[in-house]
Amino acid sequence: MKTETLTRILTRLDTVGRFCGYVAMAMIVLMIGCMIWEVVARKAFNAPTMWATTTSYMFNGTIFLIGAAYTLRANQHVRIDFLSTRFPLRVQHAINALFYLVIFLPALYMTGDFAITKALKAYDRGTLEAMSAWEPLIWPFLTGISIGLVSFAFQVAIEAIRHLIGIRYPNAVAAPSDRDLLEG
């Protein structure tokens, strides 16, 4: 398969991460709305809610993981690459591909498998959040975490393929601009 064709396919697959990024952005708006509601209810009506704290930590955890795929594609994750940037571009691609394929992807697979299993068990059992006085069902939160981990692992696999291409053709793999990510 030609490199250009594979690059176009990978760009199409980036749609998953982009969609998750948009979902995370929408969830931020919802979380802000919940917090505003809580402040107004507490300060203006002296009627605090039982659900605001619980929903805020559930939204926050889900936003963090659902937005991870988008953040990886945008190359905005925190990295400690002061040493690897001193190597030639081919070596940098090899280091990244090796890290993604040998360490990161297997760790995400194990974590994602555990999260999916836990979400399914919580759904089957009707498990409630025991740390909250509100005691909501926990499976929607665990499902959000599972979706975030799976989409993140998918994006890691895409980035690993890009770096494998970069080993052979170092300049064929360009970092996306913000405009590329937002417009698709």
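Side notes on the structure shown:
- Note on T15 and M35: the extension gain reaches 4.2 nm, defined as 0.36 nm multiplied by sequence separation minus the Cα-Cα distance.
- Counting neighbouring beta carbons within 10 Å and listing from fewest to most, the residues R12, R73 come out as R12, R73.
- Within the chain, the proportion of C-alpha pairs whose separation exceeds 25 Å stands at 46%.
- The C-alpha atoms of the chain define a longest principal axis, and helix 52-66 lies at about 10 degrees to it.
- Its Cα centre serving as origin, the chain has a Cβ charge dipole (Lys and Arg +1, Asp and Glu -1) of approximately 400 debye.
- Phi-based couplings in Hz for the range 68-75 (Karplus 6.51, -1.76, 1.60; Gly and Pro marked x): 5, 5, 4, 5, 5, 5, 6, 6
- Lys/Arg +1, Asp/Glu -1 at C-beta; the chain dipole; positive extreme among M110, N75, N171: N171
- At full extension, V78 and A130 could sit 15.4 nm farther apart than now, given 0.36 nm per residue minus the alpha carbon distance.
- Coupling constants for the range 12-24 follow from the phi torsions by the Karplus curve (6.51 cos²θ - 1.76 cosθ + 1.60, θ = phi - 60°), and in residue order they are 5, 5, 4, 4, 4, x, 5, 4, 4, x, 5, 4, 4 Hz; glycine and proline get x.
- A simple spin-label model places pseudo-atoms 7 Å from Cα toward Cβ; at L98 and T49 they are separated by 5.0 nm.
All of the numbers you see were taken from the coordinates with simple rules; none came from a lab. Keep in mind the model is a prediction, meaning the values are calculated, not measured. FYI the Cβ positions are ideal-geometry reconstructions off the backbone, even for glycines, and counts take in every protein chain you see.
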